1. With a ≥ b ≥ c the root eigenvalues of the C-alpha gyration tensor of the range 71-205, is it rounded (a/c under 1.5), prolate (a/b larger than b/c) or oblate?
2. Could you work out the Rg to Rh ratio of the range 7-75, with Rh taken as the Kirkwood radius (inverse of the mean 1/r over all Cα pairs)?
3. Please compute the net charge surrounding Ala60, taking Lys and Arg as +1 and Asp and Glu as -1 over other residues with Cβ under 12 Å from its Cβ.
4. Taking K and R as +1 and D and E as -1, what net charge do the other residues with C-beta under 14 Å from the C-beta of Ile178 add up to?
5. Helix 7-17: angle to the longest alpha-carbon principal axis of the chain, degrees 0 to 90, nearest 10?
6. Relative to the longest principal axis of the chain, what angle (0 to 90°, nearest 10) does the C-alpha long axis of helix 30-43 take?
7. Report ³J(HN,Hα) in whole Hz for each residue of the range 176-192, in order, from the Karplus equation J = 6.51 cos²θ - 1.76 cosθ + 1.60 where θ = phi - 60°; Gly and Pro get x.
8. Compute the angle between helix 71-85 and the longest alpha-carbon principal axis of the chain, please, reported from 0 to 90 degrees and rounded to the nearest 10.
Amino acid sequence: ADTGSSPDDAVKILREVQEQLLCVLGPVNAPETAAVAKEVAGYGLLDIGTYSFEDALEQAAPYGVAYMSNSLKGEISSATAWVRHNPDLHSVVIFSDKGDSSKQESAAALMDYLPQLGVEVLEVVDVPSDSDQRQYIQAAIQALNRKPDGYLSLLSDDGYANILIQLRQRGVEEGWRILSSFSGFTHDMIDLAGDALDGTFIWSKFNPYAES
């Protein structure tokens, strides 16, 4: 079933079919999985989904099964490596999407954690998933006005690529100042961002079964 990446549609579809099923595979993104977690537990329906955040997994217990590693631990580990590799990083701006609960959870955790590494989070800039070019420009300028040492993106592929391009066009020449979450790592992002990616940092999840 095609949810169109809509948490509301994911819940609606699950409600319509749950009596016919013993097991569900999906949803395939964190916001949809979080939306159906309580439904899964209420129906007693086994769900193999993107339970990459603890809250959703706890809500679905004992019926939610995660096929993806814990995303929050990955965000923390990548930020730690980024800061240690770049000792001149003392302040950052985070790009997130207030409409995505998983990204907001990551942003909140990073706001708590980064000061322990001696890095101040100056601001969390909201970049909605349906942003247009004007909004990307505004978000980039908002971040640049804070004059941070670095920029950490929790955005999905299109959002990250566009923000990255705007930062580059406005004078961020050193790629090491920019870190992206795994959520931005797709072929489409690479095609769109192109040379703007040079020298930047990005983390992803390792799939031992992938052919390439």
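1. Judged from the Cα gyration tensor, the range 71-205 comes out rounded (a/c under 1.5).
2. With Rh from the inverse mean 1/r over Cα pairs, Rg/Rh is 0.95.
3. Cβ neighbours under 12 Å give a net charge of -4.
4. -3
5. Roughly 10 degrees between the two axes.
6. 20
7. With coefficients 6.51, -1.76 and 1.60, one gets 4, 6, 10, 10, 10, 5, 4, 5, x, 8, 9, 4, 4, 5, 4, 5, 6 Hz.
8. It works out to around 20 degrees.
The values are calculated or read from the model by the stated rules, or taken from the named source; none is laboratory data. Note that this is a predicted model, so its numbers are computed, not measured. Every residue, glycine among them, receives a Cβ derived from its backbone with ideal geometry; neighbour counts consider all protein chains shown. Each accessible area value is taken on the protein alone, full model and side chains, heavy atoms only, with ligands, DNA and RNA left out. Shrake-Rupley method; radii C 1.70, N 1.55, O 1.52, S 1.80 Å.
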